[in-house]
Amino acid sequence: MRRALPVPLVFSMLVAWLAAGAFASPALARTVLKPSPTPPNVDISVRHLNESEEAIAINPTNPDNVVELSNVDLPLVGMWLGVSFDGGQTWATSLIGDNDNLGDACCDPTLSFDQYGNLWMSYLYNIENEIPVALSTDGGLHFKLVANISKPAGSAPRQPGGERGLYRFVDQPTIVSGENQVWVVFNAGNPLIAAGAPVDGLGQFGDFQQEVIHGTNNCTYGDIAIGPDGQVMQVCTLTESGQGGGKLFASVDPDGLGPAGFGKRVFVAPTHVGGFDFIPPQPDRSVDAEPGLAWDRTGGPFNGRVSLVYTKEVKNESDDTDIFVRHSDDDGRTWSKAVRVNDDTTKNSQFLPKISVDQTTGALAVVWYDSRNDLGHGGTGDTDGVPNDDAQFWSAFSTDGGESFGPNFPISAGTSNSQDARNGIDYGDYSGLAFWGGVARPAWADNSNSTGTNPDGALHQLDVYTAAVPLA
């Protein structure tokens, strides 16, 4: 029979236990977030014409290995690749998918490193109605096409659309990896399709198997994440109209590559942001709510918590868009109240957010384009005397599982104007973010020429910028 300890002794042990940070991850114990200075910016692309819609990934087996991929401007076919092996200080760049072994790449690149150092990539073809999956086993220096995922029979018919006005019925793939599996989700014209494959080591993987995500008709612009037990969640935006509307729904496959499949969708939040919500800093392409997922697999205090970032318009058609985060501790069955990430007091636009969890610490990073400093009165946040049409790139960290966020701070050293780029899609549909070892690594479209390295000069075409942003 186990005997109970005396109450005073229990109390003293409990106090000592809490003082030692028993409920905190060792890396995050007693962390107080402070405003961060703007980090040194690096121009990855240093290329004439526009680059936008960035994907970026950090190799967990060698965190100095960072890879970035972006769209290029018409009329070229291909994507602009940047590879670094010195923590993002210098980059080797090249055009890939220009009718090489990866085919005729159009756009919408997405990247993910897994725990073995496999770098998974997906994108859209320029013509073919398939979703390609490519793999690099040497840190992004070379890629090999390993799968083409077709639209399953019975999906919606071929529809006009796509990034460059082509006829397509597949759109915006997102690829993720972890827990010995890799998944890609994409819009097949109705509904969404997910495909997953097992991963057993460097260059070792199985066949991709498709799943139809039921209840996702007209639900697009989403994301996918893998949980600590191999479960998989997708989130998408039900876009009832072009501007306004926009409800977020999530669904979960509880056993990942097992037989269960994705369950019934769960309503998460309204956004007032439709599929194409035009705001002054993004007047040509518009924005969507751009929901994103980050699932904690650290084994720490928030292990199993999935966080969701999204854009919400405070009042429909007000252009006052803010960035919010919610979280779920029960695989998406219920969700927390929304936490506002941006801490400004203006009614200007914040848009195109990205979220990532550092799987070494459990900290969260959120980045977004931000027009708070463009009041139309001149100064560092205003390029043309017009309010709310310029943007900077900002960030915030959370060390309590997304229950609060620290002070916001600018990452970009300059101010950009998407209209001056004449890109057709402004900054694009999304930005990039990776987070590992206490350092966040964003990628964004920038025409400020703050580094003095943009061949087109200031306030002309966009280059892809990055920075190393340490958890402060």
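The values are calculated or read from the model by the stated rules, or taken from the named source; none is laboratory data. Every value quoted in this text rests on a predicted model; they were computed, and no experiment measured them. Ideal geometry is used to build each Cβ from the backbone, glycine not excepted, and the neighbour counts take in all protein chains shown. These accessible areas exclude ligands, DNA and RNA; they are computed on the full protein's heavy atoms, side chains included. Shrake-Rupley method; radii C 1.70, N 1.55, O 1.52, S 1.80 Å.
Specify the residue that is farthest from Pro198 (Cα to Cα); the eligible residues are those in the stretch 257-285 that are free of Cβ contacts under 8 Å to residues at least 60 places away in the same chain and part of a strand (DSSP E or B). Only one residue tops the list, namely Phe278. Inspect all residues belonging to the stretch 430-448 and state whether any of them is of a type outside the set (A, V, I, L, M) and free of Cβ contacts under 8 Å to residues at least 12 places away in the same chain. No; the residues of the stretch 430-448 include none that is of a type outside the set (A, V, I, L, M) and free of Cβ contacts under 8 Å to residues at least 12 places away in the same chain. Which members of the stretch 196-242 meet the condition of being under 17 Å from Asp255 (Cβ atoms) and assigned to a loop (DSSP other than H, G, I, E, B)? Gly206, Phe208, His214, Gly227, Pro228, Asp229, Gly230, Gln231, listed by residue number.
Of all residues in the stretch 245-256, those that are open to solvent by 20 Å² or more (accessible area, probe 1.4 Å) have Cβ atoms under 9 Å from Cβ atoms of residues that are basic (Lys, Arg), 6 or more apart or on another chain, in Phe249/Arg265; Val252/Arg333. Counting only residues that are open to solvent by 10 Å² or more (accessible area, probe 1.4 Å), under 14 Å from Gly97 (Cα atoms) and in a strand (DSSP E or B), the stretch 126-145 holds 3 of them. One residue stands out in the stretch 335-370 among those that are part of a loop (DSSP other than H, G, I, E, B) and among the acidic types (Asp, Glu): the one that is surrounded by the fewest Cβ atoms within 10 Å (Cβ to Cβ), namely Asp343.
Of all the criteria given as (1) open to solvent by 10 Å² or more (accessible area, probe 1.4 Å); (2) charged (D, E, K, R); (3) at pLDDT 95 or above, the one not satisfied by Lys315 is (3).
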